[in-house]
Structures are given as structure tokens and as C-alpha cells.
Amino acid sequence: MIKYLKQGKTEEEVALNNLKVSAIVSDAIKQIEENGDIAVQELSKKYDDWVPESFKLSAEKIQEIITKVPKQTIDDIKFAQSNIRKFAEEQRKGISDIEVETLPGVVLGHKNIPVESVGCYIPGGRYPMVASAQMSILTAKVAGVERVIACTPPIQGKIPEATVTAMYLAGADEIYILGGIQAMAAMAIGTETIQAVDMIVGPGNAYVAETKRQLFGKVGIDLFAGPTETLIIADDTSDAELIATDVLGQIEHGPTSPGAIITTSQKLAEETLEEIERQLKLLPTKDIARVAWEDYGTLIVVDTIEEALAAGDQLAYEHVQVLTEDPDYFLNNMKNYGALFLGPETNVAYGDKVIGTNHTLPTQGAARYTGGLWVGKFLKTCTYQRISEKASAYIGEYAARLCQLENFAGHAEQALIRVRRYGNK
């Protein structure tokens with residue numbers, strides 16, 4: 001039996017807020033389509049009070065910025081990027097071109113071709129998401145993308161120096177200090193000074209996510225990444241302090257970030273509710289985390305681990321942290337998640353920042369049909385075929401009949417002309 005001790009906002013309430021965001025984004029995209037750079041400047045002024053002489057940083061300016069960043073910070077960024085690069089390179093090795101002779105004289109294959117140009121968004125605002133630079137820019141470069149540009153917003157009217165440093169070290173070919181809707185739309189649509197890209201990627205707030213949704217089709221996207229989601233699955237081998245710390249440590253992302261807990265222990269559930277309240281009084285980001293917990297927090301008590309698995313798969317959350325006696329049960333059986341964190345030793349913050357896996361992950365149920373950002377997202381798997389004259393005549397007879405079955409006379413003739421030409425050789 002599944003019992004809710006606490007439940008977040010309804011789907012209807014969330015949908016109403018999404019409609020408001022959609023209208024704002026749609027209007028901004030239209031402005032950029034019609035007015036290019038002028039619209040970008042106006043939107044940047046409106047949302048960030050930021051209208052520099054150029055949004056693009058020159059090579060000289062980038063080097064000047066890097067000199068202001070402490071050595072320890074640079075070393076930490078390089079450590080994280082090393083881990084992320086290693087894992088991305090191993091992922092790339094697992095993607096192979098193939099060529100096979102399926103019938104005598106029939107050769108089929110596919111090639112994995114990198115997207116030519118990608119625009120990466122690195123969030124800023126209250127939380128300068130330095131780690132997003134390596135997650136998107138570096139991964140695209142490992143995949144072989146030739147042109148990778150990147151945007152990040154100013155923070156209180158200033159250039160985020162550590163973020164720019166990470167963008168540069170990750171391999172960005174162009175760096176722009178530009179945020180939000182205007183950044184995503186400018187990269188996708190193109191303006192007089194920003195050459196359009198083929199694909200836009202990266203996490204962001206609800207407005208960034210909605211911009212990606214509305215631009216999908218005009219450009220490719222990595223995935224629909226809305227507010228951060230965290231699910232913790234725990235049994236009585238875990239403890240309230242760890243669970244509360246790990247759920248609050250993620251929902252501080254924003255006031256609409258869902259945090260869910262599923263446990264087989266009623267006692268642990270009640271203790272966790274108390275511990276969350278205790279920690280919320282002390283957490284420096286409690287103004288955000290409290291709103292997120294009160295509006296989007298969920299606590300579910302189940303009777304069995306099997307019910308916990310079913311409830312977790314139903315939620316299909318971005319991050320799933322497993323604090324149970326046998327975490328591998330979920331590794332072997334869970335189907336719907338963005339990333340799994342197995343056991344008390346690991347946590348979502350490791351994946352967010354440094355361990356090597358990518359932190360751009362599916363949200364809002366998208367984990368039912370996609371995984372997160374990885375090198376494969378930047379590759380197009382394109383097929384080709386080559387056949388001999390004899391094989392063409394042989395295949396052509398089958399193809400002609402199947403085309404005629406569907407009333408495609410022209411298709412059938414494409415096959416029959418080859419049967420006639422090659423069939424008697």
C-alpha cells in the first residue's frame with residue numbers, strides 16, 4: 001500500500017504556471033526573430049540590466065578574466081573537467097561506426113557524425129553554475145563538434161569570472177555574457193552578430209526550458225530540462241539526518257524544485273519530516289528550500305521495496321538516490337530515472353559537480369523516454385547503403401511488389417528499371 005504523508009502541488013497548478021511562462025517566452029522569441037540584436041539588447045536590459053558594447057568576450061578579455069581567478073579555483077575546475085572528460089571519452093569509444101553485408105552484394109552501414117555547431121547555456125543568477133560549462137561544452141568537444149559557443153548571464157551586473165574560466169578551459173570557441181530567453185533564442189535563431197547554431201543544450205530555469213521547447217525543430221536540443229528533481233528511496237537502514245540533508249541539498253536549486261522521499265519505514269518518514277524542519281531553520285538557502293519543500297515536497301510510505309520501486313518508476317525523477325540495504329536492486333530493476341546514486345557514500349552533488357557523469361538530465365517525466373546529456377547527443381547516426389548489380393536486380397523484384405502493394409507506381413519503377421538493366425547480366 002502506498003500512503004502519502006505529504007504531497008506537492010497538483011499537476012493542474014503546475015500547468016497554470018507553465019502557461020504564463022510560455023506566453024512570455026513566445027513573445028521574446030518573436031521579438032528576436034523580427035529585430036535581431038536590438039531585441040536581444042532590449043531583453044538583456046529588461047531582465048539583467050546588462051547592455052555591454054559587445055556580448056561576446058574577446059580573446060584578450062577572456063585572458064584578463066582568467067588572471068583574476070584564484071589558482072585553487074582553477075585547479076578545482078581542471079580536476080572536475082578531467083573526470084568528466086575521461087568518462088565522456090570512454091562513452092565515445094562505445095559508439096562505433098558499422099558496415100555489414102546483410103545479403104550477398106548488399107552492404108549497409110552507419111556513421112556517427114558530430115553536429116557541426118552547438119550553443120551551450122551555462123546558468124547564472126543566484127547560483128553561478130560553473131559545472132555546467134564542462135557538462136555541455138567539454139562533452140560536445142569530446143564528441144567532435146567543430147564550433148561550440150556558450151552563453152552565461154551576468155551576475156548583479158558583473159561578469160562571472162570562474163564560469164568564464166571554466167567555459168574557456170572546456171573548449172568554448174565563442175563566449176557571450178548573455179542570459180535567459182535572449183541567450184537561447186539568439187543562439188538558435190541567429191542575429192547580426194551571433195551566428196546561429198544547429199543545436200542548443202544546457203540546464204536553466206523554467207524560462208530557459210520553455211525557450212528550448214518552443215525552438216525545438218528549428219534547432220536540435222539535448223532534452224527538456226526543467227527545475228531540478230530529487231527522489232530519495234530509503235529503508236530502515238538509513239537515517240533521517242542523511243535523507244533530510246540530501247533532499248534539501250538539491251531543492252535549494254529553486255522554489256519550484258521537487259523533492260520526494262519514498263520509504264518503507266513509517267518511523268523513518270516521521271523522523272525525516274522533523275529533521276527537515278530542524279535543518280530548514282539552519283540552512284543558509286532556507287528561503288528557497290522551504291518554499292520548494294512546502295509547495296513541491298512529497299513523502300511516500302510504502303510496505304515493500306517492490307512498491308518503492310514501482311512508485312519511483314512512476315515518478316520518473318531526474319535524480320534518484322538509493323539509501324537502502326541493497327542499492328543494486330534498484331540498479332538492476334529501476335527503469336525510469338535520469339541518474340542513479342547508489343548507497344550513502346555517494347550523493348547528487350557529486351554528480352552535479354565533479355565525479356564525471358553529466359548533470360544535464362531529464363525532468364518532468366522525460367526519464368520515461370530519454371537519458372541525460374552525453375557525447376551521443378551530439379552525434380547523428382546516419383545510414384548508407386551500397387549494392388552490386390546482381391543484388392540490385394534481386395532486391396528490385398521484392399521492392400517493386402511492395403511498392404505496388406502501397407500504390408506507389410513511381411517507387412516501383414525505380415526498382416523495375418534496375419531489374420531490367422541488371423537482371424540479365
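The values are calculated or read from the model by the stated rules, or taken from the named source; none is laboratory data. Remember, it's a predicted structure, so these values are computed and weren't measured experimentally. Cβ sites come from the backbone with ideal geometry, for glycine too, and all protein chains shown count toward neighbours. SASA here: full protein model, heavy atoms, side chains in, ligands and nucleic acids out. Shrake-Rupley method; radii C 1.70, N 1.55, O 1.52, S 1.80 Å.
Points worth noting:
- Relative to the dominant Cα principal axis of the chain, helix 286-296 is inclined by about 60°.
- Two-site label geometry, residue 38 and residue 146: point separation in nm, points 7 Å out along Cα→Cβ: 3.3
- Mean accessible surface per residue for the chain, computed with a 1.4 Å probe while every protein chain stays in place, in Å²: 49
- Straight Cα distances below 15 angstrom link residue 45 to the aspartates and glutamates 37, 53, with same-chain residues fewer than 8 positions distant left out.
- Long pairs among 20/93; 56/335; 30/158; 30/71; 93/212; 46/68, criterion Cα-Cα beyond 32 Å: 20/93; 56/335; 30/71
- Rg/Rg_ref, the range 283-355, where Rg_ref = 2.2 N^0.38 Å and atoms are Cα: 1.21
- Kirkwood hydrodynamic radius of the chain, from inverse mean 1/r over distinct Cα pairs, in Å: 23.9
- Volume per residue of the C-alpha convex hull in the range 328-425, rounded to whole Å³: 200
- Estimated dipole of the chain in Debye, rounded to 20 [Cβ of Lys and Arg +1, of Asp and Glu -1, Cα centre]: 1780
- With every protein chain in place, the chain: carbon and sulfur % of accessible area (1.4 Å): 52
- Extension gain, residue 4 to residue 127: 0.36 nm times the residue separation minus the Cα-Cα distance gives 41.1 nm.
- Relative packing of 109-120, 355-366, 393-404, which averages over residues the other C-beta atoms within 10 Å, highest first: 355-366, 109-120, 393-404
- Restriction of the GluC sites (Glu not before Pro) in the range 258-365 to DSSP coil positions whose beta-carbon has at most 14 other beta-carbons within 10 angstrom yields 325, 345.
- Toward the positive end of the charge dipole of the range 285-346, with +1 on the Cβ of Lys and Arg and -1 on the Cβ of Asp and Glu, the farthest Cα among 310, 340, 289 is that of 289.
- In the chain, the longest principal axis of the Cα atoms and the axis of helix 266-280 are about 70 degrees apart.
- Estimated at 0.36 nm per residue, the fully extended path between residue 277 and residue 22 surpasses their Cα-Cα distance by 88.4 nm.
- For the pair residue 61 and residue 406 in one chain, pulling the backbone fully straight at 0.36 nm per residue adds 118.0 nm over the alpha carbon distance.
- P(r) tail, the range 1-141: Cα-Cα pairs separated by more than 27 Å, 55% of all pairs.
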